[in-house]
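What follows is a single structure, written as structure tokens, with notes after it.
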Amino acid sequence: MKAMTKYNIIPKPNHYICGNSEYVVSSGTAVLCPEEFVGVGKYLTEYLKTKPVENEGEIKIKKTPELSHDEYELHITNEGIIIKASTYSGAFYGAVTLKMILMQAEKKDGKAIVKTLIIKDKPESEYRGLMLDVSRHYFTVDEIKDLIENMAFLKLNKFHWHLSDDQGFRIESKLYPELTEIGAKRTSKHLKGYGLENDNVEEARYYTQEEVKDIVAFADRLGVEVIPEIDIPGHTTAILASLPELSCKSEPVDVMIINGVSDSILCAGNEKTFEFLDKLLGEITALFPSKKFHIGGDEAFKGYKVWDECEKCKALKEKLGLKESKDLQIWFMNRVAEILKKYGKTAVAWDDCMGDALDKSIECQLWRPNAISKVRKLATERNIIISPTTYFYFDNKYSFVSLRKVYKFNRVKVGFTKPEQKSTGIECELWTEWIDSKEALDFAVFPRTIAFAEVAWTKLENRRYKDFLKRLEWFKVYMKKKNINYSRVYNNQINLDTKCAYHLGSDGKEYAKSEKLKNAE
């Protein structure tokens, strides 16, 4: 009997049976699928460079209605290969697993010899997300596509695109062209802070609506949903630099060129603010098929003093019977959520703005460790996305958020253990104050996102860190072939400059250490 082979698949399948036979796949192997799965078929044929030849075998993708949304089955027998799924995403995940197997298979005479197996698999979390901030540092369309492609290879399904902040507004508005004419421009590409200095090189980059559509369509073919974020009412320096009449003081401000958060905040007492948001959100929502739209809401407390001193905001609070500016923010978020409902969207917001009076339809994204107990109490009445800084903020150095720490995360650590709690899934975050290039982005993302993907997909009882590290060895080979600048420094024992939690891009000590290790390979 031939030795049975188990392939290095990440995320680890939840049900995997090895066979003792084999099947041969070549460029002559036909890929057959129903019309609704054509995109999945193309994903495989593009890899195989298929030119079907009679008697060279078949890969069949079959619609199987009884399987759940993202569930798939992969059967490799000595007679052929079958992927079963009820949805496009399920079929795609089956194809990804098969591609991973084909890449590792023994090759002979230009053909892949794959071992027989049965995989029956579905994700632990419905929502498996990654957020990229393009306000602090811009990344090209091709760089974003590379990131999405790598996400899809790991069965991640939500790309949260942080498009506006104090340091830049990055999406074209034809109704408000000043948002990019002014708001996308700043006098220094590099941001000052934590030992970094401005380079005084002007940057003025944003994504056109056609580029946005292109990225959304590209992601959709790979089973990835793009969720945009326009951060309000705080983190709005770039908006107010473009439209100062929407601030409480109606005074011009400059797009920020330093790290940190300003007290800039949209004026809640000015009706023009909501006229602007209605038109802008109507324009932007049309570009994104996703039913979710992120409206930020984080760290707005920095601007509460501005609201407290604003006559319009004070009059509004009195009219509404509100005592605190926190209550005014909740009212603000509720009003924006109603605007989004008009456009068929559900609002998502960071945990900062959560409160009893917040519209129950607004989904909560948990990020602050000190908010866990508060959010846990709200989890029975609204959907929660879990992304705590201590586990999933990948702008942090590996000495703060190590590979092992990411992998060891489970919902028990944040108290989400009851079936009535509405936790839809998890998300890792890439804030880019200190991530200033594609190479620095790769370094922050990989290999931690590989561990994150397994945490999001694989049941806790099926996860073993040592086993993950063994499978990761193949992924290192894959990443080298893909020219991914993954970090060679990812364990807790390498603890460089612990005074600062952040990478500092290519200026960081961990980055320099990783480069030395890479050059020595």
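The values are calculated or read from the model by the stated rules, or taken from the named source; none is laboratory data. Being a predicted model, the structure only gives us computed values, none of them experimental. Note that we place each Cβ from the backbone using ideal geometry, even for glycine, and neighbour counts take in every protein chain shown. We work out accessible area using only protein heavy atoms, side chains counted, and drop any ligands, DNA or RNA first. Shrake-Rupley method; radii C 1.70, N 1.55, O 1.52, S 1.80 Å.
Here are the numbers for the structure shown:
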{"read-out": "Residue ID - farthest from GLU427 (Cα to Cα), chosen from residues in region 318-363 that are among the polar types (S, T, N, Q) and either in a loop (DSSP other than H, G, I, E, B) or open to solvent by less than 40 Å² (accessible area, probe 1.4 Å) (or both)", "value": "SER325"}
{"read-out": "Answer residue from region 492-511, given it is open to solvent by less than 50 Å² (accessible area, probe 1.4 Å) and over 23 Å from the mean Cα position of the chain (by Cα) and is modelled with the lowest pLDDT among those", "value": "ILE494"}
{"read-out": "Candidates GLU211, GLU283, GLU203 - the one that is open to solvent by less than 40 Å² (accessible area, probe 1.4 Å) and within 17 Å of ASP133 (Cα to Cα)", "value": "GLU203"}
{"read-out": "Check on GLY223, closer than 30 Å to GLY39 by Cβ, assigned to a loop (DSSP other than H, G, I, E, B) and under 22 Å from the mean Cα position of the chain (by Cα)", "value": "yes"}
{"read-out": "Identity of the residue in region 29-88, among the aliphatic types (A, V, I, L, M) and part of a loop (DSSP other than H, G, I, E, B), that ends up nearest to ILE119 (Cα to Cα)", "value": "LEU67"}
{"read-out": "Residue list for region 408-439, filter: in contact (Cβ under 8 Å) with a residue 40 or more places away in the chain, outside any loop (DSSP other than H, G, I, E, B) and either in contact with a strand residue (DSSP E or B) (Cβ under 7 Å, 6 or more places away or on another chain) or surrounded by 22 or more Cβ atoms within 10 Å (Cβ to Cβ) (or both)", "value": "VAL414, SER423, THR424, GLY425, ILE426, GLU427, CYS428, GLU429, LEU430"}
{"read-out": "Condition broken by THR273, with the remaining ones in (1) closer than 23 Å to ASP352 by Cβ; (2) open to solvent by 10 Å² or more (accessible area, probe 1.4 Å) satisfied", "value": "(2)"}
{"read-out": "Those strands (runs of 3 or more DSSP E) lying entirely in region 91-183 with at least 2 residues surrounded by fewer than 21 Cβ atoms within 10 Å (Cβ to Cβ) and of a type in the set (Lys, Arg)", "value": "106-108, 111-121"}
{"read-out": "Test for ALA315: is it over 25 Å from GLY415 (Cα atoms), open to solvent by 60 Å² or more (accessible area, probe 1.4 Å) and of a type in the set (A, V, I, L, M)", "value": "no"}
{"read-out": "Odd one out for CYS248, checked against (1) open to solvent by less than 40 Å² (accessible area, probe 1.4 Å); (2) without any contact (Cβ under 8 Å) to a residue 12 or more places away in the chain; (3) not polar (S, T, N, Q)", "value": "(2)"}
{"read-out": "Qualifying positions in region 185-199 - open to solvent by 80 Å² or more (accessible area, probe 1.4 Å), modelled with pLDDT under 95 and either acidic (Asp, Glu) or in a loop (DSSP other than H, G, I, E, B) (or both)", "value": "TYR194, GLU197"}
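Residues are listed down the side, and each one gets a yes or a no for (1) outside any helix (DSSP H, G or I); (2) of a type in the set (D, E, K, R); (3) under 12 Å from ARG448 (Cα atoms); (4) open to solvent by less than 30 Å² (accessible area, probe 1.4 Å):
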{"residue": "GLN365", "(1), (2), (3), (4)": "yes, no, no, yes"}
{"residue": "THR380", "(1), (2), (3), (4)": "yes, no, no, no"}
{"residue": "ILE385", "(1), (2), (3), (4)": "yes, no, no, yes"}
{"residue": "LYS405", "(1), (2), (3), (4)": "no, yes, yes, no"}
